[in-house]
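Trainee: Structure below; questions to follow.
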Amino acid sequence: MKRLSIITNLALSLFLSACDKNDNADSNGNSSGSSQNDGARQEEIANKIMDSMGEFAKAVSAVSDTKTAKSAATTINEIGDQFLNMAKELEALEVANQEMRESIHQKMAAREAEMKEAVNGKFMKSVQSLNPEAQKIMEKAFQDFFEVMEPAGKEFDRHFKVKN
């Protein structure tokens, strides 16, 4: 059970860090001339990321037993696949300018706060009462998600970091 809590926290931290960027953009992440079409597409992808954040929070906060753990695991895996696809799509786009990244960041920060509240509230409290089978299901789902978020998060960083 302690292992599930650790994995859950790692997966959520990675997920949330990909969505909340206040670090300095690196030399690969600060392009001054992204096209208007790329900027619009990046905003569209950011909206999809935010929608997925909501789905993730909803799925995780609904876990109470083995059946709901299986359902949540399926949803988490689907979201991971969506993130990989979004990251691949972002690879082909020029990095947005600072103004666009700041606009996207503000929208993502509000949604992130909602997700943190849902996940840290209900799920983290209920994880202790999950039966061992449900715990194993969620542990595996979060491990898989963590593996997906690592490469996807790098691409999200490249496009959505904002300079302080």
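The values are calculated or read from the model by the stated rules, or taken from the named source; none is laboratory data. Since the model is a prediction, treat every value here as computed from it, not as a measurement. FYI the Cβ positions are ideal-geometry reconstructions off the backbone, even for glycines, and counts take in every protein chain you see.
Trainee: Can you work out which of the residues in segment 103-137 that are among the charged types (D, E, K, R) and either in contact with a His (Cβ under 8 Å, 6 or more places away or on another chain) or modelled with pLDDT under 85 (or both) is surrounded by the fewest Cβ atoms within 10 Å (Cβ to Cβ)?
Mentor: Within segment 103-137, the subset among the charged types (D, E, K, R) is 107, 111-112, 114, 116-117, 122, 125, 133, 136.
Imposing the further condition that a residue be either in contact with a His (Cβ under 8 Å, 6 or more places away or on another chain) or modelled with pLDDT under 85 (or both) reduces the set to 107, 111-112, 114, 116-117, 122, 125.
Working: K107: 13, R111: 20, E112: 20, E114: 13, K116: 15, E117: 12, K122: 16, K125: 10.
Checking each candidate, the answer is K125.
Trainee: So in segment 57-71, with the set limited to residues that are free of Cβ contacts under 8 Å to residues at least 60 places away in the same chain and assigned to a helix (DSSP H, G or I), which one is surrounded by the most Cβ atoms within 10 Å (Cβ to Cβ)?
Mentor: In the first step, residues of segment 57-71 are kept if they are free of Cβ contacts under 8 Å to residues at least 60 places away in the same chain; the result is 59, 62, 67, 71.
After this cut, where a residue has to be assigned to a helix (DSSP H, G or I) as well, the list is 59, 67, 71.
Details: A59: 23, K67: 11, S71: 14.
Filtering segment 57-71 for residues that are free of Cβ contacts under 8 Å to residues at least 60 places away in the same chain and assigned to a helix (DSSP H, G or I), the one surrounded by the most Cβ atoms within 10 Å (Cβ to Cβ) comes out as A59.
Trainee: Can you tell me which of K140, K154 is in a helix (DSSP H, G or I), at pLDDT 75 or above, of a type in the set (K, R) and closer than 20 Å to E89 by Cβ?
Mentor: Numbers: K140 fails: closer than 20 Å to E89 by Cβ.
Just one listed residue meets the conditions, K154.
Trainee: Under 16 Å from F145 (Cα atoms), β-branched (V, I, T) and either out of contact with any helix residue (DSSP H, G or I) (no Cβ under 7 Å at 6 or more places or on another chain) or surrounded by fewer than 16 Cβ atoms within 10 Å (Cβ to Cβ) (or both): does that describe T74?
Mentor: Yes, satisfied.
Trainee: Only one of these is assigned to a helix (DSSP H, G or I), in contact with a Cys (Cβ under 7 Å, 6 or more places away or on another chain) and either among the polar types (S, T, N, Q) or at negative phi (or both): M53, M86. Name it.
Mentor: None of the others qualify; the one that does is M53.
Trainee: Given the conditions (1) within 25 Å of V127 (Cα to Cα); (2) over 17 Å from the mean Cα position of the chain (by Cα); (3) modelled with pLDDT under 90, report the number of the one that V60 does not fulfil.
Mentor: Every condition holds for V60 apart from (2).
Trainee: Looking at segment 89-123, which of its residues are in a helix (DSSP H, G or I), of a type in the set (A, V, I, L, M) and over 17 Å from the mean Cα position of the chain (by Cα)?
Mentor: M100 - this is the single residue of segment 89-123 that is in a helix (DSSP H, G or I), of a type in the set (A, V, I, L, M) and over 17 Å from the mean Cα position of the chain (by Cα).
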